[in-house]
Amino acid sequence: MTGARDQGDRVQKTDFPVLPRRCDVVVIGGGPAGSSVAALLAKAGIEVVLLEKARFPRNQVGESLIPHFWKFADLTGVSEKIEREGFITKAGGIIAWDGNIHQIAFSRFGYRRPALHVERDRFDTILLRHAESLGAQVYEQVSAKQIDLNHEQQVVVHYHNKRADTKSRIACRIVVDASGPSSLLANQLSTRRLISSHLKFIALWGYFKNARYLGLDGKSYGPEQLTEIQPATFVQSYKDGWIWHIILRNTTSVGTVIHTDRLKGMDNSGRKRFFLDTLNSMPYLQKLLAPAKFIDGSIQFRPDYSYYSTQPCGAKYYCIGDAAGFVDPIYSHGVQNAFYNAATAAVAIRATLHDPKNRERYSRICQSRMQQFYSFSRSLALGDYGEDSINRELVKSFMRSMPPLELELMLAASEATNRADNFRRLAHDAGLLAELYEGPDSCKAERMEALEL
Ligand SMILES: Cc1cc2nc3c(=O)[nH]c(=O)nc-3n(C[C@H](O)[C@H](O)[C@H](O)COP(=O)(O)OP(=O)(O)OC[C@H]3O[C@@H](n4cnc5c(N)ncnc54)[C@H](O)[C@@H]3O)c2cc1C
């Protein structure tokens, strides 16, 4: 795009994209949360500007998607583009936890549309371009720096345009912070809290070429068989934490989630050695990776792991997706949470723009919905979630309102680890455990004796 450079109030001809001075909604971040809210708002005819600090495609971890995500993809209208991409469709999961092995086949729960293993750089780019195609104005390599909420009628977002190397600002009626784990606004407002429990995790992951994978039958297959035999996401626990194995079209994502202390004082090469030694010591994983080659330089890690914001929504702002909170991704709920938050925030923002005098009310309702979903994910993923930010009544009402199929799947998944006792207790207290999960026709995780690798 050719245009003018923004220098305070002066405008001058250059090759850099010109950002508008004002719009209805500024979205910060073009991950699944930001792209989806931008798509939904643009679709409703609202003027949206999305600032993304990276240039897409950009790296992202979190490649396993559970099948619930399609309903959100349908909502923004991106489903066909995702289908056309030909991502790997997965049949379910195999979880080896504390010596017990469980298999979960999505088809047994009545799902007709597949779960996916996606390269996130590609998946996120599809979502971002889709938002753009609906009319969202997307500016990559523009980093939001500061959000000024102190004006009566507007929000001012200060940004750095990396390509032009200029600083400027944009005014809007509402800002959406979808900046992922950097939680720009929650940090600025000091509302971001680390979970106060002993579960202080860190994730360490990397990528392999030519790894074998598990089918739902518990047998291992070579990557050349992916077109005939659908893979399962494989999760295995061990004394320090748990690992994932997610086969993609050309690589395999393998990572471990462990207590922060285990990596204390390690530099890059220490982390790499620790990572490869750990994988090598795990009975099943070791076999899946035996013919594989580690891709040098692919190691990444994420500290500062589970957190939440005490006030993700306000009258003029919405923090969504990882910008609002994050829990251990053991049940692949992250992208789902981002989509859910985006859909909820889009409803509240549309209502606010039409009826500004009730803006506080819409933001409160949205916040309570988001906290409901976050609490749901957290009770599922963490055995000990403490009391902070969890509202049991909200989780129970969420359980009652969600499609029974989805809850049944999550109940089955919760049985496969020792993490989710709280989750089952809440389902029991909500009167749903017996109704959904203990009857003769209920679907459960299936016990397996062993894996044949
Ligand atoms: C180890 C690990 C494994 C995971 N596994 C899974 C999984 O299997 N399945 C699953 O569903 N989820 C998984 N997740 C979670 C999932 O990756 C996230 O929940 C999801 O990416 C959240 O989407 P988002 O849009 O909120 O944030 P992000 O995807 O992080 O996107 C945020 C965007 O904001 C941009 N940004 C940041 N700061 C600024 C700024 N100041 N200005 C402008 N732009 C900015 C970033 O460049 C980025 O593009 C995993 C997470 C981790 C850490």
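Which pairs do you get when a residue that is within 19 Å of HIS354 (Cα to Cα), found in the stretch 42-55, comes within reach of a residue that is open to solvent by 20 Å² or more (accessible area, probe 1.4 Å) and in a loop (DSSP other than H, G, I, E, B), reach meaning Cβ atoms under 6 angstrom, with the pair 6+ apart or on two chains?
Correct list of pairs: ALA42/LEU134; ALA42/GLY135; LYS43/LEU134.
May I ask you to verify whether VAL157 is modelled with pLDDT of 95 or more, farther than 26 Å from ALA73 by Cβ, among the aliphatic types (A, V, I, L, M) and out of contact with any Asp or Glu (no Cβ under 6 Å at 6 or more places or on another chain)? Walk me through how you get there before you give the answer.
Details: modelled with pLDDT of 95 or more: yes; farther than 26 Å from ALA73 by Cβ: yes; among the aliphatic types (A, V, I, L, M): yes; out of contact with any Asp or Glu (no Cβ under 6 Å at 6 or more places or on another chain): yes.
Considered against the rule, which asks whether it is modelled with pLDDT of 95 or more, farther than 26 Å from ALA73 by Cβ, among the aliphatic types (A, V, I, L, M) and out of contact with any Asp or Glu (no Cβ under 6 Å at 6 or more places or on another chain), VAL157 comes out as yes.
For the structure I just gave you, tell me whether SER190 is assigned by TED's automatic domain parsing to the domain that holds LEU127 and open to solvent by less than 50 Å² (accessible area, probe 1.4 Å).
Criteria not met by SER190.
Scan the stretch 52-89 residue by residue and report those that are modelled with pLDDT under 95 and farther than 19 Å from ALA342 by Cα.
ASN59
Are there strands (runs of 3 or more DSSP E) fully within the stretch 198-302 with at least 1 residues that are without any contact (Cβ under 8 Å) to a residue 60 or more places away in the chain, at negative phi and of a type in the set (A, V, I, L, M, F, W, C)? List them.
Correct list: 241-247, 252-259.
Search the stretch 131-148 for residues being open to solvent by 10 Å² or more (accessible area, probe 1.4 Å) and outside any strand (DSSP E or B), and hand back the single one that is nearest to the ligand (Cβ to nearest atom).
GLN141
Among the numbered criteria (1) more than 10 Å from the ligand (Cβ to nearest atom); (2) at pLDDT 95 or above; (3) closer than 28 Å to TYR305 by Cβ, which one does CYS23 miss?
So CYS23 meets the others, but not (3).
Residues being touching a Lys or Arg at 6+ places or on another chain (Cβ under 6 Å) and without any contact (Cβ under 8 Å) to a residue 40 or more places away in the chain: count how many of those fall in the stretch 149-192.
3
Out of all the residues in the stretch 416-443, which are touching a strand residue (DSSP E or B) at 6+ places or on another chain (Cβ under 9 Å) and either open to solvent by 70 Å² or more (accessible area, probe 1.4 Å) or of a type in the set (Gly, Ala, Ser) (or both)?
ALA416, ASN418
Please find, among ILE94, ILE66, the residue that is touching a residue at least 12 places away in the same chain (Cβ under 8 Å), hydrophobic (A, V, I, L, M, F, W, C) and out of contact with any helix residue (DSSP H, G or I) (no Cβ under 8 Å at 6 or more places or on another chain).
Working: ILE66 fails: out of contact with any helix residue (DSSP H, G or I) (no Cβ under 8 Å at 6 or more places or on another chain).
From the options ILE94, ILE66, the qualifying one is ILE94.
How many residues are assigned to a strand (DSSP E or B) and over 16 Å from GLN236 (Cβ atoms) when one looks only at the stretch 72-98?
Of the stretch 72-98, the ones assigned to a strand (DSSP E or B) are 88-90, 92-97.
Within this subset, residues satisfying the condition of being over 16 Å from GLN236 (Cβ atoms) are 88-90.
Result for the stretch 72-98: 3.
Looking at PHE16, PHE56, can you tell me which residue is near the ligand (Cβ under 9 Å from one of its atoms), among the aromatic types (Phe, Trp, Tyr) and either open to solvent by 10 Å² or more (accessible area, probe 1.4 Å) or in contact with a strand residue (DSSP E or B) (Cβ under 8 Å, 6 or more places away or on another chain) (or both)? Show your work before the answer.
Working: PHE16 fails: near the ligand (Cβ under 9 Å from one of its atoms).
Only one candidate qualifies: PHE56.
Quickly run through the stretch 36-56 and pick out the residues that are outside any helix (DSSP H, G or I) and small (Gly, Ala, Ser).
Residues satisfying the conditions are ALA44, GLY45, ALA54.
What are the pairs with Cβ atoms under 8 angstrom where one residue, in the stretch 309-327, is in a helix (DSSP H, G or I) and the other, located anywhere, is within 12 Å of the ligand (Cβ to nearest atom) and charged (D, E, K, R)? Sequence gap at least six, or different chains.
ALA323/ASP177
Please state which one of LEU214, LEU185, LEU127, LEU204 is within 30 Å of ILE247 (Cα to Cα), in the same structural domain as GLY321 (by TED's automatic domain parsing) and open to solvent by less than 30 Å² (accessible area, probe 1.4 Å). Write out each step before concluding.
Details: LEU214 fails: in the same structural domain as GLY321 (by TED's automatic domain parsing); LEU185 fails: within 30 Å of ILE247 (Cα to Cα); LEU204 fails: in the same structural domain as GLY321 (by TED's automatic domain parsing).
Only one candidate passes the filter, namely LEU127.
When you go through (1) open to solvent by less than 40 Å² (accessible area, probe 1.4 Å); (2) in contact (Cβ under 8 Å) with a residue 40 or more places away in the chain one by one for SER79, which number turns out not to apply?
The single condition SER79 does not satisfy is (2).
Please determine whether any residue of the stretch 345-364 is in contact (Cβ under 8 Å) with a residue 40 or more places away in the chain, closer than 17 Å to PRO32 by Cβ, within 16 Å of the ligand (Cβ to nearest atom) and surrounded by fewer than 23 Cβ atoms within 10 Å (Cβ to Cβ).
Looking for residues that are in contact (Cβ under 8 Å) with a residue 40 or more places away in the chain, closer than 17 Å to PRO32 by Cβ, within 16 Å of the ligand (Cβ to nearest atom) and surrounded by fewer than 23 Cβ atoms within 10 Å (Cβ to Cβ), one finds none in the stretch 345-364, hence no.
Being surrounded by fewer than 22 Cβ atoms within 10 Å (Cβ to Cβ), closer than 26 Å to LEU407 by Cβ and β-branched (Val, Ile, Thr): is that true of ILE320 here?
Values: surrounded by fewer than 22 Cβ atoms within 10 Å (Cβ to Cβ): no; closer than 26 Å to LEU407 by Cβ: yes; β-branched (Val, Ile, Thr): yes.
So ILE320 does not fit the description; no.
Does VAL254 satisfy the condition of being aliphatic (A, V, I, L, M), crowded, with 23+ Cβ neighbours inside 10 Å and more than 18 Å from ALA413 (Cβ to Cβ)? Even if it seems obvious, please write down each step before you answer.
Values: aliphatic (A, V, I, L, M): yes; crowded, with 23+ Cβ neighbours inside 10 Å: yes; more than 18 Å from ALA413 (Cβ to Cβ): yes.
Here the answer is yes, as VAL254 does meet what is asked.
The values are calculated or read from the model by the stated rules, or taken from the named source; none is laboratory data. Owing to the predicted nature of the structure, the values given are computational and were not obtained by experimental measurement. Cβ sites come from the backbone with ideal geometry, for glycine too, and all protein chains shown count toward neighbours. SASA here: full protein model, heavy atoms, side chains in, ligands and nucleic acids out. Shrake-Rupley method; radii C 1.70, N 1.55, O 1.52, S 1.80 Å.
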